[in-house]
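The values are calculated or read from the model by the stated rules, or taken from the named source; none is laboratory data. Values in this document were obtained by computation on a predicted structure and should not be read as measured data. As a convention, Cβ positions derive from the backbone with ideal geometry for all residues, glycine included, and neighbour counts pool all protein chains shown. Surface areas here come from the heavy atoms of the whole protein model, side chains and all, with no ligands, DNA or RNA. Shrake-Rupley method; radii C 1.70, N 1.55, O 1.52, S 1.80 Å.
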Amino acid sequence: MTDWQRLEQIIRWTGLSTNAFAFSIGLKRSQNLYQIKRHRNRISKDLADRIVRRYPVFDRSWLLTGDGPSPDLSALPLPPRPDTASGRIPFYPLDALRLASDPSLLATAQPDGHLSIPGIDDCDLAALCTGDHMAPDIPSGAIVALRRVDPQGPVLPGEIYLLVTSEYARMGYIRPDRKVASGLWLDPPSGSDQPPLGLRRDRIRHLYLVQGIVIRKVL
């Protein structure tokens with residue numbers, strides 16, 4: 001495994017873009033990371049120290065040399081949340097389902113600015129809801145502000161979530177399955193003729209709570 005492959009694993013786990021990841025570990029620029037991607041630089045001791053200081057679940061020796069087994073990212077806890085004290089949410093002009101289900105896209109995509117939404121400042125990203133799969137509750141072209149949550153944690157019945165499994169990515173209203181301890185139901189939007197979808201929590205790879213919806217109108 002190359003230096004970049006190890007670094008890319010960590011970036012994908014965080015769910016950040018390369019630029020946002022660089023900022024999260026205290027780098028002013030992401031150029032050094034791209035140099036590693038182009039095999040022009042190696043992971044330095046300073047870079048390894050920065051990563052381990054911010055994300056202590058990773059081993060410094062593994063980062064520097066690749067020695068030892070690769071970390072099982074699915075078994076790791078959720079990464080520390082980015083500092084959202086400023087209330088600025090990175091906005092990606094991409095389909096939210098596609099962005100959330102493709103770790104490589106999420107790791108490399110660049111935000112097209114940041115949103116400041118009063119009352120909504122605890123989000124990881126904002127993206128577009130394209131198509132009519134959530135209409136009329138979320139019209140096509142609306143921006144959804146997403147907060148990543150633990151798939152094994154409690155859910156808020158009646159709230160809209162975006163979930164990603166190994167087979168699909170969907171949005172809908174989540175509620176616990178009263179008959180199956182680890183089961184959930186994903187309900188479609190109001191007025192839809194689609195039936196509810198049942199699934200087990202252990203099938204969910206990523207889960208995002210829709211914290212806010214911004215509907216854009218052209219006047």
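Take Ile138 and decide whether it is in contact with a strand residue (DSSP E or B) (Cβ under 7 Å, 6 or more places away or on another chain) and either open to solvent by less than 30 Å² (accessible area, probe 1.4 Å) or closer than 13 Å to Met171 by Cβ (or both).
Answer is yes for this residue.
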Discussion item. Of the conditions (1) more than 25 Å from Leu16 (Cβ to Cβ); (2) surrounded by fewer than 19 Cβ atoms within 10 Å (Cβ to Cβ), Tyr173 satisfies every one except a single condition; which number is it?
Written reply: (2)
Response to the item:
Counting only residues that are surrounded by 15 or more Cβ atoms within 10 Å (Cβ to Cβ) and farther than 17 Å from Gly66 by Cα, the range 34-49 contains a total of 1
Worksheet, complete the sentence: Taking first residues from the range 24-45 that are touching a residue at least 40 places away in the same chain (Cβ under 8 Å) and over 21 Å from Trp13 (Cβ atoms) and second residues anywhere that are surrounded by 13 or more Cβ atoms within 10 Å (Cβ to Cβ) and not charged (D, E, K, R), the pairs with Cβ under 9 Å that are 6 or more apart or on different chains are none
Item to complete: Give the residues of the range 141-163 that are in contact with a Lys or Arg (Cβ under 7 Å, 6 or more places away or on another chain) and open to solvent by 40 Å² or more (accessible area, probe 1.4 Å), sorted by residue number.
Response: Gln152, Pro157
Worksheet item: Can Ser166 be described as exposed (fewer than 12 other Cβ atoms within 10 Å of the Cβ) and over 21 Å from the mean Cα position of the chain (by Cα)?
Response: no
Worksheet item: Which condition number in (1) within 19 Å of Gln152 (Cβ to Cβ); (2) touching a Gly at 6+ places or on another chain (Cβ under 7 Å) is the one that Arg175 fails?
Response: (2)
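May I ask you to list the residues in the range 130-183 that are charged (D, E, K, R), over 27 Å from Leu115 (Cβ atoms) and in a strand (DSSP E or B)? Spell out the reasoning first.
Within the range 130-183, the first condition is being charged (D, E, K, R), and the residues that meet it are 132, 137, 147-148, 150, 159, 167, 170, 175, 177-179.
Filter once more, so that each one left must be over 27 Å from Leu115 (Cβ atoms): 167, 175, 177-179.
Arg175 - this is the single residue of the range 130-183 that is charged (D, E, K, R), over 27 Å from Leu115 (Cβ atoms) and in a strand (DSSP E or B).
If a residue has to be assigned to a loop (DSSP other than H, G, I, E, B), open to solvent by 60 Å² or more (accessible area, probe 1.4 Å) and touching a residue at least 12 places away in the same chain (Cβ under 8 Å) to count, how many in the range 184-195 make the cut? Show your work before the answer.
Let us first name the residues in the range 184-195 that are assigned to a loop (DSSP other than H, G, I, E, B), namely 188-195.
Cutting the leftovers down to open to solvent by 60 Å² or more (accessible area, probe 1.4 Å) gives us 190-191, 193-195.
When the remaining residues are screened for being touching a residue at least 12 places away in the same chain (Cβ under 8 Å), the result is 190-191.
The total comes to 2.
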Practice prompt. Just give me the residues in the range 19-70 being in contact with an Asp or Glu (Cβ under 9 Å, 6 or more places away or on another chain), within 27 Å of Leu99 (Cα to Cα) and polar (S, T, N, Q), in sequence order.
Written response: Ser24
Practice prompt. Within the range 92-124, track down each residue that is open to solvent by less than 30 Å² (accessible area, probe 1.4 Å), within 21 Å of Ala22 (Cα to Cα), in contact (Cβ under 8 Å) with a residue 40 or more places away in the chain and outside any loop (DSSP other than H, G, I, E, B).
Written response: Ala100, Leu106, Ala107
Worksheet item: Scanning for something touching a residue at least 60 places away in the same chain (Cβ under 8 Å), more than 12 Å from Gln5 (Cα to Cα) and open to solvent by less than 40 Å² (accessible area, probe 1.4 Å), does the range 62-75 turn up at least one residue?
Response: yes
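For Arg12, state whether it is open to solvent by 60 Å² or more (accessible area, probe 1.4 Å) and not in a loop (DSSP other than H, G, I, E, B).
On the way: open to solvent by 60 Å² or more (accessible area, probe 1.4 Å): yes; not in a loop (DSSP other than H, G, I, E, B): yes.
Yes: the conditions hold for Arg12.
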Practice prompt. Could you look through the range 126-135, keep only residues that are buried (at least 16 other Cβ atoms within 10 Å of the Cβ) and of a type outside the set (A, V, I, L, M), and pick out the one that is nearest to Leu94 (Cα to Cα)?
Written response: Cys129
